[in-house]
Amino acid sequence: MHSGKANLTSMKRVDKSFVDSGLVRNIVFEDDKAIVLELTFSNNPPITFTTLIDKVQLNFVEVGLQFGNNTDIIEGECNIFY
């Protein structure tokens, strides 16, 4: 859910990153229970997005951090496709 609307996103794992819509989210941490992704744009001002995926509960939470202008926190369920 984001701004009261359900949005679907599909990411494909490619080596040590996840790709969606041409954007590459780097894996900065992974173990058997969680994956943490980051996507940073060095705009003026810069912004970074962090995504935490719970591999056990199959859910995620994401936020964008930018000085004075952070995004809403979004969260939802995950599905895994092989």
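The values are calculated or read from the model by the stated rules, or taken from the named source; none is laboratory data. Being a predicted model, the structure only gives us computed values, none of them experimental. We place every Cβ from the backbone using ideal geometry, glycine too, and count neighbours over all the protein chains shown.
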Residue count for the range 23-57, restricted to those that are surrounded by 12 or more Cβ atoms within 10 Å (Cβ to Cβ) and part of a loop (DSSP other than H, G, I, E, B): 1
Residues located in the range 19-46, provided they are touching a residue at least 24 places away in the same chain (Cβ under 8 Å) and under 14 Å from GLU62 (Cβ atoms): ARG25
The range 20-41, residues that are modelled with pLDDT of 95 or more, hydrophobic (A, V, I, L, M, F, W, C) and more than 17 Å from GLY76 (Cα to Cα): VAL24, ILE27, VAL28, PHE29, LEU39, PHE41
Residues of the range 58-81 that turn out to be assigned to a strand (DSSP E or B) and surrounded by fewer than 11 Cβ atoms within 10 Å (Cβ to Cβ), as a count: 1
Count - residues of the range 35-64 that are under 12 Å from the mean Cα position of the chain (by Cα) and not aromatic (Phe, Trp, Tyr): 17
